Amino acid sequence: MLGKNLRKLPKIELHLHLDCCLSFDVVKKINPKIDIEAYNKKFKAPSTCSSVKEYIKCAEYAVDLMQDEKSISLVVEDLFEQLKAENIIYVEIRFAPLLHCKGELSSKEVVQIVDDICKNCSKKYCIHYALILCTLRHFSKNQSMETVQLVEEFKNSGVFALDIAADEAGFSLDNHFGAFDFAFENNISCTAHAGEAKGPESIKETLKKLKVKRIGHGVRCVEDKKLMNYLKNNNIHLEICLTSNIKTLTYESIDAHPIDKIFKSNISLSMSTDGRTISNIDLTSEYELVVNKLGWDLSDLKKVNIDAINHSFTTSEIKKELLKKINISY
Ligand SMILES: [Zn+2]
């Protein structure tokens with residue numbers, strides 16, 4: 001009974017990469033030479049990757065297609081259509097503007113384009129949104145500073161936060177302290193990918209040095225009981241992406257995934273896809289997993305949506321509106 005209605009339920013999604021969500025339709029519009037076989041092979045991660053690094057590589061093909069205003073606009077609109085189809089009512093979309101400057105666009109123009117088209121789509125599809133700009137682990141100090149300065153410049157528009165993504169195991173945080181210090185001094189909200197390719201030490205380092213209140217993934221906190229207590233007592237929120245963690249071989253299967261343990265430890269968490277195309281899923285199919293495999297019920301799903309709203313980067317006015325919708329529907 002619950003399973004049938006999951007698609008219609010309003011949902012909040014906080015962890016979603018713009019370049020990991022291109023449908024075949026939009027890829028074909030941008031480059032008609034790419035056929036379905038090439039799309040399935042290049043844009044979707046294999047059933048299990050050897051690592052997070054291999055998983056991320058799939059986004060490179062999408063990034064290459066998103067180097068001009070028209071293509072970027074098509075990709076954003078394509079994403080909003082996908083979100084509407086499963087009743088996402090609030091989304092935080094993240095991307096690294098500096099990756100889209102291989103053609104004529106400047107990083108500032110990239111952010112302006114994404115924000116403009118998101119504004120239009122937000123009205124058209126009745127979905128609230130916030131943008132998160134990503135610096136990447138392998139970026140230089142200057143690239144990281146440029147990214148946070150874009151957040152500052154656009155923070156009265158649709159941009160609300162800074163994130164650090166990419167290869168956690170391959171690159172240290174050293175180049176990024178300046179950007180996150182700048183964010184802290186300028187009241188810019190932050191999240192950071194950690195505790196996926198590396199364990200609890202990486203989460204502790206990220207919390208201490210980047211001063212974030214949210215962690216992307218963070219699932220390997222379960223290897224350290226003290227850290228779990230810290231997360232709970234300090235209201236640190238984990239953005240959990242189940243299938244993504246299985247595709248990257250962080251866990252072998254849903255049965256081995258610690259989401260249920262984290263949830264029952266009263267650590268604040270939300271559920272997201274990470275990327276619909278790259279993981280070959282949507283948020284409804286992720287809800288189906290926790291309902292069918294872990295026995296979660298409607299009240300559990302309601303809690304993760306309320307946790308998501310409370311830790312979202314949007315305005316208190318929008319939070320109130322979202323809470324109302326979730327409380328009525330669940
Ligand atoms: Zn991610």
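If you filter segment 150-172 down to residues that are farther than 20 Å from HIS100 by Cα and within 16 Å of the ligand (Cβ to nearest atom), you find that the one that is nearest to the chain's Cα centre (by Cα) is GLU168. Restricting attention to segment 247-258, the residues that are touching a helix residue (DSSP H, G or I) at 6+ places or on another chain (Cβ under 8 Å) and surrounded by fewer than 24 Cβ atoms within 10 Å (Cβ to Cβ) total 8.
Residue count for segment 252-295, restricted to those that are out of contact with any strand residue (DSSP E or B) (no Cβ under 7 Å at 6 or more places or on another chain) and within 15 Å of the ligand (Cβ to nearest atom): 5. Residues of segment 24-54 that are of a type in the set (Phe, Trp, Tyr) and in contact with a Leu (Cβ under 9 Å, 6 or more places away or on another chain): TYR39, PHE43. Restricting attention to segment 147-167, does a residue exist that is farther than 19 Å from VAL111 by Cβ and hydroxyl-bearing (Ser, Thr, Tyr)? No: segment 147-167 contains no residue that is farther than 19 Å from VAL111 by Cβ and hydroxyl-bearing (Ser, Thr, Tyr). Of all the numbered requirements in (1) closer than 21 Å to LYS57 by Cβ; (2) among the aliphatic types (A, V, I, L, M); (3) outside any helix (DSSP H, G or I); (4) within 13 Å of the ligand (Cβ to nearest atom), LEU249 misses one, and that requirement is (4). The number of residues in segment 121-167 being of a type in the set (Asp, Glu) and either over 20 Å from LYS211 (Cα atoms) or open to solvent by less than 10 Å² (accessible area, probe 1.4 Å) (or both) comes to 2. Where helices (runs of 4 or more DSSP H) sit wholly within segment 41-105, those with at least 1 residues that are open to solvent by 10 Å² or more (accessible area, probe 1.4 Å) and either among the polar types (S, T, N, Q) or modelled with pLDDT of 95 or more (or both) occupy 59-65, 69-85. Candidates in segment 177-205 are the residues that are within 16 Å of the ligand (Cβ to nearest atom), touching a helix residue (DSSP H, G or I) at 6+ places or on another chain (Cβ under 7 Å) and not aliphatic (A, V, I, L, M); of these, the one that is farthest from LYS247 (Cα to Cα) is CYS190. For segment 278-299, taking the residues that are more than 16 Å from the chain's Cα centre (by Cα) and among the charged types (D, E, K, R), the one that is most open to solvent (accessible area, probe 1.4 Å) is identified as LYS293.
A residue that is open to solvent by less than 70 Å² (accessible area, probe 1.4 Å) and within 19 Å of the chain's Cα centre (by Cα) occurs nowhere in segment 32-40. Please tell me if LYS8 is surrounded by fewer than 15 Cβ atoms within 10 Å (Cβ to Cβ), charged (D, E, K, R) and in contact (Cβ under 8 Å) with a residue 12 or more places away in the chain. So LYS8 passes the test. Selection within segment 266-277: residues that are among the polar types (S, T, N, Q) and open to solvent by less than 40 Å² (accessible area, probe 1.4 Å). The member of this set that is farthest from the chain's Cα centre (by Cα) is SER268.
Per-residue answers, yes or no, for (1) under 25 Å from ASN245 (Cβ atoms); (2) of a type in the set (A, V, I, L, M, F, W, C):
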{"position": "ILE12", "(1), (2)": "yes, yes"}
{"position": "ASP19", "(1), (2)": "yes, no"}
{"position": "ILE36", "(1), (2)": "no, yes"}
{"position": "LYS44", "(1), (2)": "yes, no"}
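Residues in segment 179-194 that are without any contact (Cβ under 8 Å) to a residue 40 or more places away in the chain and open to solvent by 40 Å² or more (accessible area, probe 1.4 Å): ASP181, PHE182, PHE184, GLU185, ASN186, ASN187.
Of all residues in segment 206-246, those that are over 21 Å from LEU173 (Cβ atoms), within 16 Å of the ligand (Cβ to nearest atom) and open to solvent by 10 Å² or more (accessible area, probe 1.4 Å) total 2.
Number of residues in segment 303-316 that are closer than 15 Å to GLY158 by Cα and assigned to a helix (DSSP H, G or I): the value is 1.
The values are calculated or read from the model by the stated rules, or taken from the named source; none is laboratory data. What you see is a predicted model; the values in this text were computed from it and never measured. With ideal geometry, Cβ positions are generated from the backbone for all residues, glycine too; neighbour counts draw on all protein chains shown. The accessibility values were calculated without ligands, DNA or RNA, using every heavy atom of the protein model including side chains. Shrake-Rupley method; radii C 1.70, N 1.55, O 1.52, S 1.80 Å.
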